[in-house]
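Chemist: Okay, here's the structure, questions in a sec.
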Amino acid sequence: MRWVVMGAAGMLGTDMVSAAERDGHEVVGFDRRTVDVLDAEAVGRAVDGADVVVNCAAWTAVDAAESEEGAAFAVNATGPQVLAQRTREVGARLVQISTDYVFAGDATSPYGEDQLAAPRSAYGRTKLAGEWAVRAGNPEHLVVRTAWLYGAGGACFPRTIARALAERGALQVVADQVGQPTWTRDLADLVVRLVAAGAPSGVYHGTATGQTSWHGFAQEVAAAAGLSPEAVDPTTSAEYVRPAPRPAYSVLGHDALHRIGVDPIGAWDERWRVAAPEVLGAS
């Protein structure tokens, strides 16, 4: 099969290209310097002959989106609309990567794939609009929501924490936001497995299983970096106010994966221990 990865230079895109290649596919990657996802003609040329197109291109500056929602909307919603139209025309399946931010973040049990979306931030609104555009524009689609991504191919929470803790000797990290740290390599592998399984079009959740807080994750990062977990103190979101509201609860359920017989990603802490040498080694 011929795969095309948009946003191939990013943290997830890099691992997506590698995962598809490991599975024996011909893979072509594009980044924003080579293909503008808002340029319908350029996108049409890029996806011509593709069997699968994975859209990892996104505006991910969550706080900046609050003041630049129009620019974020262009990348996160209009871009996917263009991709949906062009992939439908060439008969390719489109995989759209989405986010936990489409939910309000006030649940107390894992969000189901069909649960009501209620984004509280500009970023979440634009990503939800991208989901709608893909679902309306190409019947052959997979929307894969993820959260708390980290990887070796870009800036991420674990490397930031390890570096800051080594420099300062102590840190405060919020303990009242709960989610599922997810390795980009695992997410890319899940996308490959979904396509290989012929997954029905729809929404799937691509996060590790289990849950922790940012504080809990930071302590695991400290341990993996050979630093003291006790040097990471808990704090609250109220003490660390940012322009965009963060979901307090970002745990996603995996019922849709179970229904089609595709295994979810493993437990977050076990996967972190596997990932840590590569991720922290890239610092």
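The values are calculated or read from the model by the stated rules, or taken from the named source; none is laboratory data. Note that the structure is a prediction, hence the values are computed from the model and not measured. Because the Cβ atoms are built from the backbone with ideal geometry, glycine has one as well, and the counts that use them run over all protein chains shown.
Chemist: Do the conditions hold for Trp214, that is, is it out of contact with any Lys or Arg (no Cβ under 6 Å at 6 or more places or on another chain) and within 30 Å of Arg88 (Cα to Cα)?
Modeler: On the way: out of contact with any Lys or Arg (no Cβ under 6 Å at 6 or more places or on another chain): yes; within 30 Å of Arg88 (Cα to Cα): no.
Taking the combined requirement at face value, the residue does not satisfy it.
Chemist: When the residues of the range 1-18 are filtered to those that are of a type outside the set (D, E, K, R) and in a helix (DSSP H, G or I), which remaining residue is farthest from Glu89 (Cα to Cα)?
Modeler: Kept after step one, since they are of a type outside the set (D, E, K, R), are these residues of the range 1-18: 1, 3-14, 16-18.
Then keep just the ones that are in a helix (DSSP H, G or I); that gives 11-14, 16-18.
Values: Met11: 29, Leu12: 26, Gly13: 23, Thr14: 26, Met16: 23, Val17: 23, Ser18: 26 Å.
Here the residue is Met11.
Chemist: With the structure loaded, tell me whether Ser98 is within 18 Å of Leu187 (Cα to Cα) and of a type in the set (Ser, Thr, Tyr) or whether it fails that test.
Modeler: Working: within 18 Å of Leu187 (Cα to Cα): yes; of a type in the set (Ser, Thr, Tyr): yes.
Judged against the criteria, Ser98 is a match.
Chemist: While we're on this one: Is it fair to say Arg86 is touching an Asp or Glu at 6+ places or on another chain (Cβ under 9 Å), charged (D, E, K, R) and either within 17 Å of Arg125 (Cα to Cα) or free of Cβ contacts under 8 Å to residues at least 60 places away in the same chain (or both)? Give the derivation first.
Modeler: Numbers: touching an Asp or Glu at 6+ places or on another chain (Cβ under 9 Å): yes; charged (D, E, K, R): yes; either within 17 Å of Arg125 (Cα to Cα) or free of Cβ contacts under 8 Å to residues at least 60 places away in the same chain (or both): yes.
Judged against the criteria, Arg86 is a match.
Chemist: Which members of the range 198-227 meet the condition of being in contact with a strand residue (DSSP E or B) (Cβ under 7 Å, 6 or more places away or on another chain), of a type in the set (A, V, I, L, M) and either free of Cβ contacts under 8 Å to residues at least 24 places away in the same chain or closer than 18 Å to Thr146 by Cβ (or both)?
Modeler: Correct list: Ala199, Val203, Ala208.
Chemist: Among the candidates Arg33, Arg45, which residue alone is over 26 Å from Gly151 (Cα atoms) and either without any contact (Cβ under 8 Å) to a residue 12 or more places away in the chain or more than 19 Å from the chain's Cα centre (by Cα) (or both)? Before you say what the answer is, go through the steps one by one.
Modeler: Values: Arg33 fails: over 26 Å from Gly151 (Cα atoms).
None of the other options fit; the residue is Arg45.
Chemist: I've got another one for you. For the range 176-272, give me every one of the helices (runs of 4 or more DSSP H) that falls completely inside it and has 1 or more residues that are under 30 Å from Ala133 (Cβ atoms).
Modeler: On the way: elements: 184-196, 214-224, 255-259.
Those helices (runs of 4 or more DSSP H) span 184-196, 255-259.
Chemist: Also: What number of residues within the range 225-283 are β-branched (Val, Ile, Thr), under 21 Å from Thr108 (Cβ atoms) and loosely packed, with under 15 Cβ neighbours inside 10 Å? Lay out the reasoning, then the answer.
Modeler: Taking the range 225-283 first, the residues β-branched (Val, Ile, Thr) are 232, 235-236, 241, 251, 260, 262, 265, 274, 279.
Now narrow it down to the ones that are under 21 Å from Thr108 (Cβ atoms): 236, 251.
Cutting the leftovers down to loosely packed, with under 15 Cβ neighbours inside 10 Å gives us 236.
The number of residues fulfilling the criteria is 1.
Chemist: Is at least one residue of the range 78-94 at pLDDT 95 or above, closer than 30 Å to Arg45 by Cα, part of a strand (DSSP E or B) and among the hydrophobic types (A, V, I, L, M, F, W, C)? Give the derivation first.
Modeler: Start the filter on the range 78-94 by keeping residues that are at pLDDT 95 or above, which leaves 78-94.
Imposing the further condition that a residue be closer than 30 Å to Arg45 by Cα reduces the set to 78-94.
Narrowing further to those that are part of a strand (DSSP E or B): 93-94.
Checking the rest, the ones that are also among the hydrophobic types (A, V, I, L, M, F, W, C) come to 94.
Checked against the condition, which is being at pLDDT 95 or above, closer than 30 Å to Arg45 by Cα, part of a strand (DSSP E or B) and among the hydrophobic types (A, V, I, L, M, F, W, C), the range 78-94 yields at least one hit.
Chemist: So for the range 19-38 (the condition being assigned to a helix (DSSP H, G or I), touching a Ser or Thr at 6+ places or on another chain (Cβ under 6 Å) and either modelled with pLDDT of 95 or more or crowded, with 17+ Cβ neighbours inside 10 Å (or both)), does at least one residue qualify?
Modeler: So far as the range 19-38 goes, no, none of its residues is assigned to a helix (DSSP H, G or I), touching a Ser or Thr at 6+ places or on another chain (Cβ under 6 Å) and either modelled with pLDDT of 95 or more or crowded, with 17+ Cβ neighbours inside 10 Å (or both).
Chemist: Do you know which residues across the range 48-77 are surrounded by fewer than 21 Cβ atoms within 10 Å (Cβ to Cβ), part of a loop (DSSP other than H, G, I, E, B) and over 18 Å from the mean Cα position of the chain (by Cα)?
Modeler: Asp48, Gly49, Asp51, Glu68
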